[in-house]
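Heads up: the structure comes next, in structure tokens.
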Amino acid sequence: MDGNTADRLSQKSERRDEKVNSILEDAAEISGGVLSSIQALAGTTACKGVQITRLKEWAVNNDLWIDDISQLGTFSDRGSENEVYINNEIQIVYKLNDFRYSDDNLMPFFERIRIHDCLIAPSPLIMLQSSNNQWTR
């Protein structure tokens with residue numbers, strides 16, 4: 001990896017066809033596009049706020065935004081990066097990351113998920129939808 005976003009994230013022609021599995025790649029592309037634009041215009045990588053705004057617009061426009069996070073299940077706990085919700089009916093655990101501790105841009109967040117999925121293939125992290133946390137952040 002040489003720091004070039006195109007080297008780290010799959011290109012459109014290489015993406016999975018399944019809607020759920022391509023959400024991470026689509027979100028990373030939006031985030032990377034904001035980063036590239038701000039770097040070109042302002043010479044900085046501090047663009048997390050703009051990335052979050054664009055990602056929310058994208059999620060809303062693609063019916064991926066969760067307005068009522070209680071539909072995820074029962075709030076269980078809050079860690080340093082995630083709120084954890086347990087849905088006993090379908091036996092699934094949801095982790096809601098609010099980017100509170102993310103860097104000045106969100107690309108490392110998406111890269112960490114991809115690394116996790118490469119190293120721990122039987123337990124992939126799947127990006128399903130987007131939402132604010134319980135404190136609307």
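The values are calculated or read from the model by the stated rules, or taken from the named source; none is laboratory data. Owing to the predicted nature of the structure, the values given are computational and were not obtained by experimental measurement. Methodologically, a virtual Cβ is constructed for each residue, glycine included, from the backbone with ideal geometry; neighbour enumeration extends over all protein chains shown.
Pairs please, first residue from region 40-68 and farther than 14 Å from Asn97 by Cβ, second anywhere and of a type in the set (Val, Ile, Thr), Cβ atoms under 6 Å, 6+ apart in sequence or on different chains.
Within 6 Å, the pairs are Cys47/Val34; Cys47/Ile38; Val50/Val34; Arg54/Ile30; Arg54/Val34; Trp58/Ile30.
Find all pairs meeting these conditions: Cβ atoms under 7 angstrom apart; at least six residues apart or on different chains; first residue within region 87-108 and under 13 Å from Ile52 (Cα atoms) and basic (Lys, Arg); second residue at pLDDT 85 or above and surrounded by fewer than 12 Cβ atoms within 10 Å (Cβ to Cβ).
none
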